[in-house]
Amino acid sequence: MKKCMKKGTARNLLGNDRGDISIFTCFFVVGIVMLVSFLLLYASIRITCINIRNGAKMELNNLSASIYADTYRSQRETNFSEYLNTLYSSSDYTAMLEDMVTDGLANKIPLSTDDYRVRDIHLAFHVTGDRVEYVFTCNVEFYVYMFGHSYPAITRRVELTGYHNTKF
């Protein structure tokens, strides 16, 4: 006990200089942690967008099959122009096709989680000659959970284009 009470020994026990780190080291460690966190967030967003694109791509294949059945029937009955008028003028028919894609996508992946929300799903049609082109678009809003609350971090747009040739 007397050895510990020497002059300067108590100071050495409490303030050992070998364990100190500089303020620059703290900032460096915090910077590395923030960089890794950003890279993980970026990778998570990319993977989620790829999953949404793949689900939408499968649904566009189903949509193509539905359009194929409708156009085959309309061409066989020689009223293809009536089908195109329905496609362009009937909001009920295009809404039904859009709902079919949305429901199929919802069955493949969740449209809303704690991490993201799929919004503004839209399906547009363009006919050029004997080709029906459809464009699927949606916005994916990603959230970051901090301090007990969820904050929107980034919104990514997902767009896919598909087509169906109607000539037989």
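A short reminder: the numbers here are calculations on the coordinates, not readings from a lab. All figures in this text were calculated on a predicted structure; none of them were measured in a lab. Here Cβ is always computed from backbone atoms with ideal geometry, including for glycine, and neighbour counts include all displayed protein chains.
Projected label points at N61 and S37, each 7 Å from Cα along the beta carbon direction, are separated by 4.0 nanometres. Each peptide in 50-61, 101-112 receives the mean, over its residues, of other Cβ atoms within 10 Å, and ordering these scores from highest gives 50-61, 101-112. Using R0 = 30 Å, the C-beta based FRET efficiency linking I50 and I21 works out to 0.15.
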